[in-house]
Amino acid sequence: MSERNYDPEHHRILTEEGVKAWNKWRKERSDVAPALEGADLSGADLHRADLNGADLSGARLVRANLNWAELGDADLRSADLREARLIEAKLYRATLAYANLGEATLNDANLLRATLFRGNLSGADLRDANLRGANLIGASLGRANLSGADLAEANLSHSDLTNANLTGADLRSATLVEADLSEASLEGCWVYGISAWRLILPRSEKQGNLRITSDHEPEVTVDNLEVAQFVYLLLHNEKIRGVIDTIGEKGVLILGRFTAERKRVLDAIRGQLRELGYVPMVFDFDKPTQRDFTETVKTLAGMSRFIIADITNPKSSPLELQATVPDYMVPFVPIQNEDEQPFSMFADLQGKYDWVLDVLKYDTVENLIRALEPAVVRPALEKADQLLLRKAEAIRERHVREYS
């Protein structure tokens with residue numbers, strides 16, 4: 001086990017002789033790194049102290065005054081800084097992993113590229129703080145005031161930002177993967193280039209005026225973080241705009257199960273559809289949880305020109321098809337191995353919804369692929385045209401005079 005990096009003489013100079021003497025000693029002994037690991041500095045007045053490069057890991061700094069202190073490159077891992085005052089403190093590249101900064105005051109502090117991995121900053125005052133490029137993965141920032149803070153390029157993945165105030169914060173190129181932003185205030189944030197996947201977002205009234213363009217582009221704002229990336233892509237990517245415009249013409253949803261045997265069939269269908277110029281989307285029944293199954297299938301179905309479903313060995317297919325067939329007038333082409341019969345409820349689906357085509361039986365994958373264009377694609381497109389005409393029909397009307 002390594003020896004503790006603590007020098008009682010360093011501790012004495014800092015706490016007994018005061019900051020002025022300490023800073024003079026640092027200048028005279030610039031080659032000596034302060035060894036204060038685990039030191040108890042609770043309530044100490046360290047205002048403007050030169051603690052650059054100091055080892056303060058595990059130190060107790062509860063309610064300490066560190067305003068304008070120099071803590072660049074300092075090691076503050078697991079330090080207790082609850083309610084400490086760090087106004088305009090210089091903490092650039094400091095290591096604060098697992099540190100407790102609950103209710104600490106850090107407004108205007110410089111935390112450039114600091115490491116705050118899994119740190120506790122609950123209720124901390126970080127107004128206008130510089131957290132550019134900081135590592136805040138898994139950090140607790142609930143109720144923190146980050147208004148006007150610079151969080152550009154910061155990594156906030158898996159962080160807890162519940163009820164945090166991010167009004168006017170700079171989040172350009174920040175990473176927010178799986179961050180919890182419930183009840184957070186995001187009004188006026190700059191969100192150009194953010195990575196925002198699987199977020200827990202605040203209510204719509206807590207979002208607004210989110211800038212999605214860079215400083216070299218005309219300012220464009222949206223009022224919802226979920227659509228920010230999408231809108232930017234639409235503005236700047238002609239290919240994506242083309243996909244959005246044509247997916248209703250070319251998208252084909254393929255439903256089935258990715259068992260070893262069935263995957264071969266689904267992959268073959270996907271490959272042939274690509275050859276025919278379509279955009280196949282394969283959905284594996286076995287993978288989604290019940291909670292999000294219906295929403296996922298309906299979203300994909302609504303974007304599709306037609307749907308192909310392999311109902312061989314259906315298991316729970318009655319439930320799955322019930323989630324897709326009734327709500328969309330989208331041609332539905334069921335296929336099945338010739339050795340099996342459709343499940344009992346399938347006749348009800350065919351009887352109620354005429355966009356469900358006859359079940360196409362097949363013996364081999366090779367024969368199915370050879371027949372895919374005339375037996376699947378062509379009938380599906382014919383049905384799609386019929387449905388389009390039906391949707392375009394004038395609304396049928398009656399008048400009470402007809403019954404007088």
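The values are calculated or read from the model by the stated rules, or taken from the named source; none is laboratory data. What you are looking at is a predicted structure, and each value in this text was computed from that prediction instead of being measured. All Cβ positions, glycine included, derive from the backbone under ideal geometry; neighbour counts span all protein chains shown. All accessible areas refer to the heavy atoms of the entire protein, side chains included, with ligands and DNA or RNA removed. Shrake-Rupley method; radii C 1.70, N 1.55, O 1.52, S 1.80 Å.
Which one of the conditions (1) within 14 Å of Ala228 (Cβ to Cβ); (2) at pLDDT 95 or above does Ala184 fail to meet, given that it meets all the rest?
Going through (1) within 14 Å of Ala228 (Cβ to Cβ); (2) at pLDDT 95 or above one by one, Ala184 breaks only (1).
From the residues in the range 87-103 that are of a type in the set (Ser, Thr, Tyr) and assigned to a loop (DSSP other than H, G, I, E, B), which one is least open to solvent (accessible area, probe 1.4 Å)?
Ranking the qualifying residues of the range 87-103, first place goes to Tyr92.
Filter the range 374-404 down to the residues that are small (Gly, Ala, Ser) and open to solvent by 40 Å² or more (accessible area, probe 1.4 Å) and list them by number.
If the condition is that a residue be small (Gly, Ala, Ser) and open to solvent by 40 Å² or more (accessible area, probe 1.4 Å), then Ala392, Ala394, Ser404 are the ones that fit.
Would you call Val356 surrounded by 13 or more Cβ atoms within 10 Å (Cβ to Cβ), farther than 18 Å from Val265 by Cβ and touching a helix residue (DSSP H, G or I) at 6+ places or on another chain (Cβ under 6 Å)?
Taking the combined requirement at face value, the residue satisfies it.
Which residue, of Ala44, Ala74, Ala39, Ala64, is crowded, with 17+ Cβ neighbours inside 10 Å, under 21 Å from Phe117 (Cα atoms) and at pLDDT 95 or above?
Ala74
So if I check each of Gly58, Gly43, which one is of a type outside the set (Asp, Glu) and either touching a residue at least 60 places away in the same chain (Cβ under 8 Å) or closer than 21 Å to Asn107 by Cα (or both)?
Gly43
May I ask you to list the residues in the range 12-32 that are at pLDDT 95 or above and either among the aliphatic types (A, V, I, L, M) or in contact with a strand residue (DSSP E or B) (Cβ under 6 Å, 6 or more places away or on another chain) (or both)?
Those that are at pLDDT 95 or above and either among the aliphatic types (A, V, I, L, M) or in contact with a strand residue (DSSP E or B) (Cβ under 6 Å, 6 or more places away or on another chain) (or both): Ile13, Leu14, Val19, Ala21, Asn23, Arg26.
Report, by residue number, each residue of the range 77-86 that is crowded, with 20+ Cβ neighbours inside 10 Å and of a type outside the set (Lys, Arg).
Ala79, Asp80, Leu81, Ala84, Leu86
For the range 1-36, how many residues meet the condition of being within 19 Å of Lys90 (Cα to Cα), open to solvent by 50 Å² or more (accessible area, probe 1.4 Å) and charged (D, E, K, R)?
3
Name the residues in the range 148-191 that are open to solvent by 10 Å² or more (accessible area, probe 1.4 Å), out of contact with any strand residue (DSSP E or B) (no Cβ under 7 Å at 6 or more places or on another chain) and not polar (S, T, N, Q), would you?
Hits for the range 148-191 are Gly148, Glu153, His158, Gly168, Glu178, Glu183, Glu187, Gly188.
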